[in-house]
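Following: one structure in structure tokens, then a few remarks.
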Amino acid sequence: MYPSEDILEAARSIRPFLAEQLEAEAAARVDLQLADLLARANAGETVDNLILELLAETDSTREWMFAFLQKQALPESTRESTKGFNPLPGQGSAIAAPKYVCPEGDYIWYRPRVGVEPPLCPTHNVPLV
């Protein structure tokens, strides 16, 4: 259905948004499970279906995952609000947000705007690169 690398990319990318998608306790549980599944994937194990099953448990994470896999980009629901913003007239184009990753390969974070410093990886407590 979806390539393995796309599923892994989506799993890494949703981690910073779990707190917005789920209640605090559920978000922490899912984050730990994703970290474990991603570590297993880095060790060569096939975990695609397990990731999809985990994120399909709730409507919000299932919809987020589906939207990410369809567009290969962060879903609109997780991008910063543009309320009150009136774009200039004419054709506009999307600007890519800088992407930061954990050196261990299990966490992805996109800078929402200039001046926001990347956090540490919640699994390994190392700076994102």
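The values are calculated or read from the model by the stated rules, or taken from the named source; none is laboratory data. Since the structure is predicted, the reported quantities are computational estimates derived from the model, not experimental observations. Cβ atoms come from the backbone with ideal geometry, glycine included; neighbour counts cover every protein chain shown. With ligands, DNA and RNA removed, areas are computed over all heavy atoms of the protein, side chains included. Shrake-Rupley method; radii C 1.70, N 1.55, O 1.52, S 1.80 Å.
Just to be sure I understand, how many residues within the stretch 1-11 are open to solvent by 30 Å² or more (accessible area, probe 1.4 Å), out of contact with any Asp or Glu (no Cβ under 6 Å at 6 or more places or on another chain) and in contact (Cβ under 8 Å) with a residue 12 or more places away in the chain? Spell out the reasoning first.
To start, the set of residues in the stretch 1-11 that are open to solvent by 30 Å² or more (accessible area, probe 1.4 Å) comprises 1-6, 9.
Retained after the next criterion (residues that are out of contact with any Asp or Glu (no Cβ under 6 Å at 6 or more places or on another chain)): 1-3, 5-6, 9.
Now drop any that are not in contact (Cβ under 8 Å) with a residue 12 or more places away in the chain, which leaves 2, 6, 9.
Going through the stretch 1-11 one residue at a time, the tally reaches 3.
Matching residues to (1) under 15 Å from G105 (Cβ atoms); (2) more than 12 Å from the chain's Cα centre (by Cα):
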position: E9; (1), (2): yes, no
position: E25; (1), (2): no, yes
position: R29; (1), (2): no, yes
position: L32; (1), (2): no, yes
position: L37; (1), (2): yes, yes
position: A41; (1), (2): yes, yes
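In this structure, does L69 turn out to be within 12 Å of the chain's Cα centre (by Cα), at pLDDT 75 or above, within 28 Å of V129 (Cβ to Cβ) and assigned to a helix (DSSP H, G or I)? Criteria met by L69.
Scanning the stretch 20-71 for residues that are of a type in the set (A, V, I, L, M, F, W, C) and open to solvent by 80 Å² or more (accessible area, probe 1.4 Å) yields A24, L32, A43, F66.
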